[in-house]
Amino acid sequence: MSAVIRPDAPVLLEIRDLHASVENQPILKGVNLTIRAGEIHAVMGRNGSGKSTLSKVLAGHPAYTVTGGSVLYRGENLLDLDPEQRSRIGLFLGFQYPVEIPGVSNLEFLRVATNARRKERGDEELDTFAFEDVVRERLSVVQMDPAFLDRSVNEGFSGGEKKRNEILQMALLEPVVAILDETDSGLDIDALRIVAGGVNQLSSPDNSTLLITHYQRLLDLITPDAVHVMAAGRILRSGGKDLALELERSGYEWVDAELARLDGEAAPQPAAPQPLEVA
Amino acid sequence: MSSTATVGDLVSQTYKYGFVTDIATDKIAKGLSEEVVRLISSMKQEPAFLLDFRLRAYRQWLQMEEPDWATLGYPPIDYQEIIYYAAPKQQEKKTSLDEVDPKLLETFEKLGIPLSEQKRLSNVAVDAVFDSVSIATTFREQLAEHGVIFCSISEAVKDHPDLVERYLGTVVPTNDNYFAALNSAVFSDGSFVYIPKGVECPMELSTYFRINSGDTGQFERTLIIAEEASTVSYLEGCTAPMFDTNQLHAAVVELVALDDASIKYSTVQNWYAGDENGVGGIYNFVTKRGQCRGDRSRISWTQVETGSAITWKYPSCVLQGADSVGEFYSVALTNNRQQADTGTKMVHVGPRTRSTIVSKGISAGHSANSYRGLVQIGPKAVGARNYSQCDSMLIGDQAAANTYPYIRCQQPQASIEHEASTCRISEDQLFYLQSRGIGFEEAVSMMVSGFCRDVFNQLPMEFAAEADKLLALKLEGSVG
Amino acid sequence: MLAAPAVTAAAAGSGAPALAWLAELAGAPLPTRREEDWRFTDLAALAAIPAGFASPAAGQPVDPWSGLNLPAGVTRLTGPAAEAQLGTALAASGCDQHWPVRLNGGACPALLVLKVEGDAGSLELPLPVSAAEGVVAWRLLLVLEPGARLELLQVPAPAPGQRQLLSLVSEVVLGAGARLQLGCLAQGHTHAALLHHLAVRQASGSELQATLVSSGWGLARHEPRVVQEQGAARTRLLGLQRVDGRQLADTHSFVRFDGPDGELDQLHKAVADGSGRSVFNGAVQVPRLAQRTNAAQLSRTLLLSDRARIDTKPQLEIVADDVKCAHGATVSQLQSEELFYLRSRGIDAATAAGLLQRAFCHEVLRELPAAAHRHDPLTALLGAA
């Protein structure tokens, strides 16, 4: 169903018929998506379409239960892994609402996280001094004031500062697949430019990005290779970057018609598949 | 999480200091009587004033009742089943460490307290107390050059009887409470510190307490006197082997700060806490009190309480001198079946006295952790101020956190502010850290240490990292 | 349920020592200061109250509320229907054996049981006293059916200048979704004492707002005790007590959550002047089954004289891990910057202090049921300052 953009590039993430629920409420109802190296994908959709659930499930949030389907990350079963292991092997989730953690120093947090990733890659872990050099250099990616390093993780940060802190983490962790959940929400245009600029700087032919967003405005700054429209827990339509522009013009009304048509066609689903423990 | 973890399982690491040193000990027969009190005093060749002090305390103790107001549950203690004096067989305290039984040195080295010249910490003087006696004190000569006296209290009784007689029992009277009276009657050893006028003690002073015998009570007595305009920082650490019986530890600590003097007293308490079913462990019933006698004096208590089956202690400050300052910073972590009832008393007597209380309680497993504090502002404490903050963190739904902050105020020109909160480690915070590659246990310990940071910041540098590690260790396996 | 009067009016007037007589009425000796709950409140002060009854019928079971005009939706129950639910809130909140409750039971209280259905509007309950000296007791039970609403105001007041002990025990049973706004505006004088227990059982979805105010009594003690029996209810407790002279005011509150998702919002204020003593003890219990409880307690005291004293003791006992419990306490005098600001605008110090005190008290008084306004609570509390 997904558009194939770089047929020769290795597949980094392959989502097949993914079903997931929260508190026994099914949210994802058969998501299929393939992402190859070098690609930028955008998933769009209205509130409640399941976009954010998809990102949380991929990152392994314990509140979500996978009830069917599979996710392969570079050929490996992602769903078997703890959230920390997913991060260490290169999956990154930029949170829509980064949580505040009072008392835990941002700098220390970034260092421990970075070293966990480095260790997994077989790189030498950085001591406090070496890490400070690295982090100061990466701050420029998001034009962040070094003073934020001395504060507690996200505590008292503005919305824009929190999102920049997310992209800073991405710059440090050098993920293979980065999922950015509504990274544009709550940002003014300057902050949005900085964040988008950071994402663009970090993308390369070897990694890929999955943008989850409501609006075209982020896609004006980060050009996607593929756009997917999500509704009622699955991907309804996929296309190129023009699809996003079309949505911007004509809205989501056609989605309802499409959903109604699908519901008419599809025979009622058999009983939900056996629940699969998230690892 | 693969472990479908609840934070509840992270707290059960086996106790690393639970070994017993095989060494010959001199013990007296168990039980307590006036004869025993006299025997202890005579074994220690004490002057008459001290024997009188002990006997007075013993007679007062006989008249007193064991307190039961704290929300603690433990079977009655049979005071006749306790041995009140135990000492490693070694006649005299050695002038050189080379003469100390190598087994003892090895014990302290295993505990992370190297005493030998080559290995000892360069800027910390250590008094090592094994069961009832002090076996070695390092850096004595260097300290003496500054006029600082740092020795065991038994030595102080011999070498500086006038100082001991002048100050002993003046902060914590013999009849202050049940356990203080017991301690006053039978105390065996402990540390003595005297900082002369105008001297800033050139290094950290530290006492390391080790209970080794299984049936011995430990009753140490510490007395610290800071003369005018002097400064000292003191740290105590404690461990004990694992026994399946409970041992009583009833210490008394007295601090005296004269005009412009400052005493910083830090404790890292890791007595054996009993096993996960609550069998064994130390009963830590301690009276600690500091008196800011002088104007502008300052006494600061910092405690990290992680061990003991039961902890019952309220390091307190009596703020007599005008403009004197009392501080209390505490982290108390309980797990399994541990019980802690701890807090502080800040008694404001003099004008413009100030106090700060920061207490962080962490309860995991089936433990109960209570903060009990008193802020009392007397009628003469014009312009006194107190700020208290006591926060609790609950790990798992079987643990209890209680908060009892008493306030008594008789002075209108005073200000008291008290804040308290209860929180837990939220799933979202854990997930955020995990999604950045930080393992579950590390994420929990990062958050616990973040929670405690205000207190750790008060510890001497060398020990802050230690305390952090200790907490992580105690939590290991409790979340999983 | 209620004990017959243990002592006849005649015996009462016989000049027996008052404390012994009170103990006999209660069927239990007076609590002493050795008991934690009475550590700062010495009931020996009650010795000044002469033995005898000050109810209009002097100890005889005559109904002071026979002519009471009840709003639509409120019915008075009598006989077995009335007695069936008596005592359940006292037992549920663990105070049925408290001494003031026992005293109330022994003092031949006037009894009123009201059933409330639908939106019943507001009611002011008169608490009549005679001009005689001695004890007067009332017992009230309010049963709010599911979804019912009521505003209730009580204004206990002693006869002017008379040595009286007013004993008020109110029980409230709130059905699911019921809402009660209760106010007790207790304005006394130095010869009189008030002992007030308010025991409440709350079903889920119910809301209780209780505002308990006292000033001027020689001794006044409010004991609001609330149990959220299934959790998921809202409790707002507001208190204001003012002491001057050698008066003592004490509030001992207790709230327990027996189910998840309960809320408590408590504000207790005290103003201590003269040689007055103010005591506050606020217990909050959050057992394991009360997950997601959200409780906040704040105690604020203004200490205006160097002979006055205050004792406060919040008491939080928490066993559930997913809860938010915060409490705070402040003790201070009037803020000097605020005073200075007013004075710099030409207001003299005493007026400025009065204004600030009024502001301090207003935060609680405005929460009384609207019917309280005709009693002009601010003036009653602070005089014309």
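The values are calculated or read from the model by the stated rules, or taken from the named source; none is laboratory data. Not measured: the values here are computed from a predicted model. Cβ: placed from backbone, ideal geometry, glycine included. Neighbour counts: every protein chain shown. We work out accessible area using only protein heavy atoms, side chains counted, and drop any ligands, DNA or RNA first. Shrake-Rupley method; radii C 1.70, N 1.55, O 1.52, S 1.80 Å.
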Could you tell me which numbered condition B:Ser42 fails, if it satisfies all but one of (1) at pLDDT below 85; (2) open to solvent by 70 Å² or more (accessible area, probe 1.4 Å); (3) in contact with a Leu (Cβ under 9 Å, 6 or more places away or on another chain); (4) polar (S, T, N, Q)?
-> (1)
For region A:70-77, does any single residue satisfy the condition of being more than 18 Å from A:Leu180 (Cα to Cα), touching a residue at least 12 places away in the same chain (Cβ under 8 Å), among the hydrophobic types (A, V, I, L, M, F, W, C) and at the interface with chain B (Cβ under 7 Å from one of its Cβ atoms)?
-> no
Might you let me know whether region C:252-272 holds any residue that is away from every other protein chain (no Cβ under 11 Å), touching an Asp or Glu at 6+ places or on another chain (Cβ under 8 Å), touching a residue at least 40 places away in the same chain (Cβ under 8 Å) and within 27 Å of C:Gly354 (Cα to Cα)?
-> yes
In region B:340-356, anything within 15 Å of B:Glu305 (Cβ to Cβ) and crowded, with 24+ Cβ neighbours inside 10 Å is listed as B:Ala340, B:Thr342, B:Gly343, B:Thr344
Can A:Ser140 be described as of a type in the set (Gly, Ala, Ser) and within 14 Å of another protein chain (Cβ to nearest Cβ)?
-> no
Counting only residues that are part of a strand (DSSP E or B) and open to solvent by less than 20 Å² (accessible area, probe 1.4 Å), region C:222-247 contains a total of 13
Which one is nearest to the chain's Cα centre (by Cα), of the residues in region A:87-115 that are facing chain B (nearest Cβ under 7 Å) and small (Gly, Ala, Ser)?
-> A:Ser87
Pick out the one residue from C:Leu142, C:Leu166 that is open to solvent by less than 20 Å² (accessible area, probe 1.4 Å), within 15 Å of C:Phe53 (Cβ to Cβ) and modelled with pLDDT of 95 or more.
-> C:Leu166
Taking region B:415-444 and keeping only residues that are more than 7 Å from every other protein chain (Cβ to nearest Cβ), closer than 30 Å to C:Lys313 by Cα and open to solvent by less than 30 Å² (accessible area, probe 1.4 Å), one is left with B:Ile425
A:Asn32 versus (1) open to solvent by less than 50 Å² (accessible area, probe 1.4 Å); (2) assigned to a strand (DSSP E or B): which is the lone unmet condition?
-> (1)
Flag for C:Glu24 being open to solvent by 20 Å² or more (accessible area, probe 1.4 Å), at pLDDT below 90 and among the charged types (D, E, K, R) | no
Would you check which residues across region A:222-240 are open to solvent by 10 Å² or more (accessible area, probe 1.4 Å) and more than 17 Å from the chain's Cα centre (by Cα) and list them?
-> A:Ala232, A:Leu236, A:Arg237, A:Ser238, A:Gly239, A:Gly240
Checked pairs for region A:100-115, first over 13 Å from A:Asp127 (Cα atoms), second basic (Lys, Arg) and part of a helix (DSSP H, G or I), C-beta under 6 Å and 6 or more apart or across chains, list as A:Gly103/B:Arg453
For B:Gly326: the one exception among (1) without any contact (Cβ under 8 Å) to a residue 40 or more places away in the chain; (2) under 26 Å from B:Ser392 (Cβ atoms); (3) open to solvent by 20 Å² or more (accessible area, probe 1.4 Å) | (3)
Only helices (runs of 4 or more DSSP H) wholly contained in region B:150-200 count here; list those with 1 or more residues that are without any contact (Cβ under 8 Å) to a residue 40 or more places away in the chain and either basic (Lys, Arg) or buried (at least 20 other Cβ atoms within 10 Å of the Cβ) (or both).
-> B:161-167
Any chance region B:271-280 includes a residue that's under 16 Å from B:Leu333 (Cβ atoms), under 13 Å from the mean Cα position of the chain (by Cα), modelled with pLDDT under 95 and open to solvent by less than 10 Å² (accessible area, probe 1.4 Å)?
-> yes
Quick one: in region B:381-392, which of the residues that are farther than 16 Å from C:Ala329 by Cα and at the interface with chain C (Cβ under 9 Å from one of its Cβ atoms) is surrounded by the fewest Cβ atoms within 10 Å (Cβ to Cβ)?
-> B:Val382
If only one of A:Glu166, A:Glu155 is at pLDDT 90 or above, closer than 22 Å to A:Glu108 by Cβ and among the charged types (D, E, K, R), which one is it?
-> A:Glu166
Of the numbered conditions (1) out of contact with any Leu (no Cβ under 7 Å at 6 or more places or on another chain); (2) over 19 Å from C:Trp138 (Cβ atoms), C:Gln162 fails exactly one; give the number of that condition.
-> (2)
Among the candidates B:Gly274, B:Gly290, B:Gly281, which residue alone is out of contact with any Lys or Arg (no Cβ under 7 Å at 6 or more places or on another chain) and closer than 29 Å to B:Gly73 by Cβ?
-> B:Gly281
The lone exception for C:Leu150 - which of (1) in a strand (DSSP E or B); (2) over 17 Å from the mean Cα position of the chain (by Cα); (3) surrounded by fewer than 20 Cβ atoms within 10 Å (Cβ to Cβ) it fails = (3)
In the list B:Gly437, B:Gly480, which residue meets the criterion of being at pLDDT below 85 and of a type outside the set (A, V, I, L, M, F, W, C)?
-> B:Gly480
Exactly one of B:Lys380, B:Lys360 is charged (D, E, K, R) and not in a loop (DSSP other than H, G, I, E, B), and that one is B:Lys360
Just one of A:Glu132, A:Glu84 is within 7 Å of another protein chain (Cβ to nearest Cβ) and either at pLDDT below 90 or out of contact with any helix residue (DSSP H, G or I) (no Cβ under 7 Å at 6 or more places or on another chain) (or both); which is it?
-> A:Glu84
Selection over region B:393-407 where residues are at the interface with chain C (Cβ under 8 Å from one of its Cβ atoms) and assigned to a strand (DSSP E or B) yields a count of 10
